[in-house]
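Report on one structure; see the data block that follows.
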Amino acid sequence: MPYKLKLLTCFLAIIMAFSFGSTFDYLRKTFPTLAKLTKQVTNNNNNPPEIPISEYFDVVIYGDELPGICAAIWAKRTLGDNGRVALIRSNTADEQLGGLLTRGGLAYLDFDKTNWYYQPAAQCFRNFLKRANVVEACVEANNVDQALQEMLAEAGVRVISDSPLTPYVDNQEIQHVDVKDKNIRFKADSYIDATQDAQLAKKAGLSYYQGYESQSPQLRNETLSVSIIPITTGLTISELRSVEQKIINDAELMAKIETSIKDQQSPELANFWLKNFYFPMYQAYLDGYFNRSIALGAAYHLHYDHPFSLDGFLFDKNNICVLPEDSLSWNGLLFKYPVAQLKQIEATGFKPTEEMITEMVNFEAWLQEISGQENIKVIIPPEIYIRHTLSVKDVVDPLTGQEIIQGGTLPENSIGSFSYEFDLRGGVKGLSGKVPSLPIFNFGIEHTLASKVNNLAIVSRSSGYVGMAVSVGRIQTVNVYQGQGVGVAAGIATLSDTPLNTITSLEVRETLEILTGLTTQFYGRDTTQGLDYSNIR
């Protein structure tokens, strides 16, 4: 058929297709050329409206959690003075920077159990601790906000607030991101999703595991407990210790607590809860304490006739921080929700539920009564602490629980080492099998790099963790190390004009060592001790 006749035929076919919708699929099959042309028409109709690019950046980080802030700072440091790096967040400008550490109230930090202080990948975390005036283990929200503002300003990172992003993906790359309500468009070489729940990655079409389904498909709607982390005023740590000691010294009350726990728990769980039953709280740091005994929480449950159970609310053993003006931060007030409900809470800004608010009113009244001090107040943070909901599947090389218990990634594929318990706070309903002992493992960046979107990385609890790896990978400290490394990777990607997901851990580690003048030490080793952990994925 002559070329002009082909064009005329295709043109008439398109008109017929739009005139007679039912014939569209038939015509698509009949004329291959038509299929190509109509695909172009369809794509053009689905394209976003044309908005001028407001600004170009080398790297855009979305989300203001500490791992993302470290990614931004170290991307800029890698790129140098001419580097263009922006940290964009959906939060308004008057909301504190730092996410979980400020708006979420998390004060008690989880430290790496390796010799981390002089590791190249730990230097952003180390600088943050100094700038936030951390005494030993606890951070205060105002100090965090001030420290992060200063760190970003000194690095030359642009902060853009009140800008929820929508990515547009084509040819396996994010072409640009839009702030729809403001008709603003940004474009960058690389994008780093540092939101807790992988908001940008999900919108970019990446698939993910929900709950603990990567450990067992039956656990898709099950995950760790969430916390509301209140601050109390009007009660000093010494007064709280006196309250706890009063409970422990009350033989009749302790007997009731012990009976209640044994009646409501299996023998195995009862033994777990009653461990260190008569031991008072322990001062683990100059500014941090830990409830060794469940007596304080169980007394609360008994007072209100609450079931002592992992379902619903649980007053667990608390990590307690002593903050300025003798205020106390409590991390151990747990709520159990299915993953589907947690995703709804995430979608609406991590706000406390009515159940949580009611429980905090009860908590305040109980503290006033048991201490005899009516001036005690419980202050609720604007956001809650969600430990885990999902893990992105589509990454270059996922990090699995099996790898972690066997020492992690090979040194040549790593940027550092990390050690922390498999932390199953509040338990995971239906999770069976023995929990491995303390792991010591190497890690790289490949589990943070998206495999199906070439210029995207995910740095958070939602990175590419599989199986029991979720229980360690969710710890913010290792996310901060990875954030620093991924920031360097994004800088390298721009300087070398290559896709972000082709940058290797080896390249990042070598660059980190040049930038810091430090040498990476690897501590990863097999910690299975010959035991059978074949149930761990």
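The values are calculated or read from the model by the stated rules, or taken from the named source; none is laboratory data. Worth saying up front: this structure is predicted, and the values here are computed from it rather than measured. Methodologically, a virtual Cβ is constructed for each residue, glycine included, from the backbone with ideal geometry; neighbour enumeration extends over all protein chains shown.
Data for the structure
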| item | result |
| --- | --- |
| Residue list for segment 251-293, filter: at pLDDT 95 or above, of a type in the set (Gly, Ala, Ser) and in a loop (DSSP other than H, G, I, E, B) | 284, 293 |
| For residue 299: the one exception among (1) without any contact (Cβ under 8 Å) to a residue 60 or more places away in the chain; (2) aliphatic (A, V, I, L, M); (3) surrounded by 21 or more Cβ atoms within 10 Å (Cβ to Cβ) | (1) |
| All positions within segment 170-211 that are of a type in the set (A, V, I, L, M, F, W, C) and surrounded by 19 or more Cβ atoms within 10 Å (Cβ to Cβ) | 174, 177, 179, 186, 188, 192, 194, 198, 200, 201, 204, 206 |
| Test: residue in segment 199-213 that is over 17 Å from residue 457 (Cα atoms), at pLDDT 95 or above, of a type outside the set (Phe, Trp, Tyr) and outside any strand (DSSP E or B) | yes |
| Only one of 210, 149 that is among the polar types (S, T, N, Q), closer than 24 Å to residue 443 by Cβ and touching a Leu at 6+ places or on another chain (Cβ under 7 Å) | 210 |
| Matching entry among 127, 142, 115 (being surrounded by fewer than 17 Cβ atoms within 10 Å (Cβ to Cβ) and outside any helix (DSSP H, G or I)) | 115 |
| Exclusive hit being modelled with pLDDT under 95, of a type in the set (Val, Ile, Thr) and crowded, with 18+ Cβ neighbours inside 10 Å, set 536, 475, 492 | 536 |
| Any hit, segment 488-502, residues being in contact (Cβ under 8 Å) with a residue 24 or more places away in the chain and closer than 23 Å to residue 226 by Cα | no |
| Residue check for residue 29: assigned to a helix (DSSP H, G or I), charged (D, E, K, R), touching a helix residue (DSSP H, G or I) at 6+ places or on another chain (Cβ under 9 Å) and modelled with pLDDT of 50 or more | no |
| When residues of segment 354-392 are limited to those that are in a loop (DSSP other than H, G, I, E, B) and surrounded by fewer than 16 Cβ atoms within 10 Å (Cβ to Cβ), the one farthest from the chain's Cα centre (by Cα) | 372 |
| Options 465, 481: the member that is closer than 26 Å to residue 77 by Cβ and among the aromatic types (Phe, Trp, Tyr) | 481 |
| Filter result for the condition that a residue is in contact (Cβ under 8 Å) with a residue 12 or more places away in the chain, in a helix (DSSP H, G or I) and assigned by TED's automatic domain parsing to the domain that holds residue 508, over 470, 453 | 470 |
| Test for residue 531: is it surrounded by 14 or more Cβ atoms within 10 Å (Cβ to Cβ) and either assigned by TED's automatic domain parsing to the domain that holds residue 122 or touching a residue at least 24 places away in the same chain (Cβ under 8 Å) (or both) | no |
| Selected residue (criterion: farthest from residue 349 (Cα to Cα)) from residues of segment 46-87 that are acidic (Asp, Glu) and either touching a Cys at 6+ places or on another chain (Cβ under 7 Å) or touching a residue at least 12 places away in the same chain (Cβ under 8 Å) (or both) | 81 |
| Filtered residues of segment 487-529 (kept if in contact with a strand residue (DSSP E or B) (Cβ under 8 Å, 6 or more places away or on another chain), under 14 Å from residue 79 (Cβ atoms) and part of a helix (DSSP H, G or I)) | 487, 489, 490, 491, 493, 494, 500 |
| All positions within segment 145-158 that are in contact (Cβ under 8 Å) with a residue 40 or more places away in the chain and either part of a strand (DSSP E or B) or more than 20 Å from residue 75 (Cα to Cα) (or both) | 145, 158 |
| Residue tally, condition within 16 Å of residue 63 (Cα to Cα) and within 24 Å of the chain's Cα centre (by Cα), over segment 176-197 | 12 |
| Members of segment 102-149 that are among the polar types (S, T, N, Q) and either out of contact with any strand residue (DSSP E or B) (no Cβ under 7 Å at 6 or more places or on another chain) or closer than 21 Å to residue 511 by Cα (or both) | 102, 115, 119, 123, 127, 133, 142, 143, 146, 149 |
| Of the criteria (1) over 30 Å from residue 286 (Cβ atoms); (2) of a type outside the set (S, T, N, Q); (3) surrounded by fewer than 24 Cβ atoms within 10 Å (Cβ to Cβ), which one residue 154 fails | (1) |
| Some residue of segment 441-458 being of a type in the set (Val, Ile, Thr) and over 15 Å from the mean Cα position of the chain (by Cα) | yes |
